[in-house]
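Participant: The structure's right below; bear with me while I get my questions together.
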Amino acid sequence: MRVRAGSWVLIASLLPGCASQLEGGAPPVTQERLYRLSDWKLEGRLAVQSPGEAWSANLHWEHGRGQERLLISGPFSQGAVSIILQDDLIYINEGNGVVSSSRDADALLQAKLGFSVPLHSLRYWVLGLPEPNADFVAQREPSEGKKGFSQSGWALAYERFIRVHDWVLPGKITALGGGLKLKLIADEWLIKN
């Protein structure tokens, strides 16, 4: 069944349903409120697997109004790469004064990191939401306990959720698309608003 992303009611019935697995506390917030969430931070780990290589790194992600700031680093911040996305402009700082910018985020990510992910969509996917301006297909895998959706050629599976006050946010995400497998583990969420 294909639905328009603005129809958040369907996803609300699928993803936050995982909140029932969590104990106590206030009821989870609605998907509509998650879409309006404007300031948050995520501390976690990222694993990337492509046909030619696999690697993992620490991830620090700050989302603010109109801007994404990601820091991807190895142990003890070795090999840190900073990514800033502002509307349609992306900056990648590889350290040692090497900074690149482009209005084509996909091409610059591919050139600098060796892979490309849709960062504009990923901003929603990391919250367990489909991007609001694109179609998606909701999916359930009850036998494996996973819930998720497919959008823009990517399949998202949510295996674990974390309660942060009255928010229920993804704790483990797997994304498959573009010949890549991404795993994101959220160790800590900080909600500012």
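Participant: Summing Lys, Arg as +1 and Asp, Glu as -1, what charge do residues with Cβ under 10 Å from the Cβ of residue 90 carry, residue 90 excluded?
Facilitator: Net charge in that neighbourhood comes out at -3.
Participant: Scan segment 50-113 for trypsin sites (Lys or Arg not before Pro) in coil per DSSP, keeping those whose Cβ has at most 13 other Cβ atoms within 10 Å, and list them by number.
Facilitator: 65, 103
Participant: Pull up the cross-link candidates among the lysines for residue 147, meaning alpha carbon to alpha carbon under 21 Å and not fewer than 8 places away within one chain.
Facilitator: Partners within reach: 172, 181, 183.
Participant: Just flag the GluC sites (Glu not before Pro) in segment 55-141 sitting in loop per DSSP whose Cβ has no more than 16 other Cβ atoms within 10 Å.
Facilitator: Here the sparse-neighbourhood loop sites are 94.
Participant: By a straight-distance test (C-alpha under 20 Å), which aspartates and glutamates pair with residue 146 as possible cross-link partners, with residues fewer than eight away in the same chain excluded?
Facilitator: Within reach: 23, 131, 159, 187.
Participant: While we're on this one: How much net charge surrounds residue 103 when only other residues with a Cβ under 14 Å from its Cβ are counted (Lys, Arg +1; Asp, Glu -1)?
Facilitator: -4
Participant: Suppose R0 equals 22 Å. What FRET efficiency, 1/(1 + (r/R0)^6) with r the Cβ-Cβ distance, do residue 49 and residue 188 give to the nearest 0.05?
Facilitator: Calculated transfer efficiency: 0.40.
Participant: Which of the aspartates and glutamates could be linked to residue 112 by a straight reach, that is with a Cα gap under 19 Å, when you skip same-chain ones fewer than 8 residues away?
Facilitator: 53, 68, 88, 94, 104
Participant: Would you tally the net charge around residue 187, using a Cβ to Cβ cut-off of less than 11 Å, leaving residue 187 out, and scoring K and R as +1, D and E as -1?
Facilitator: My count for the surroundings of residue 187 gives 0.
Participant: A follow-up question, please. Can you tell me how much longer the chain between residue 82 and residue 69 gets when fully stretched, taken as 0.36 nm per residue apart minus their C-alpha distance, in nm with one decimal?
Facilitator: 3.9 nm
No lab work stands behind these numbers, since they all come straight from the coordinates. Quantities reported herein were computed from a predicted structural model and do not represent experimental measurements. Ideal geometry is used to build each Cβ from the backbone, glycine not excepted, and the neighbour counts take in all protein chains shown.
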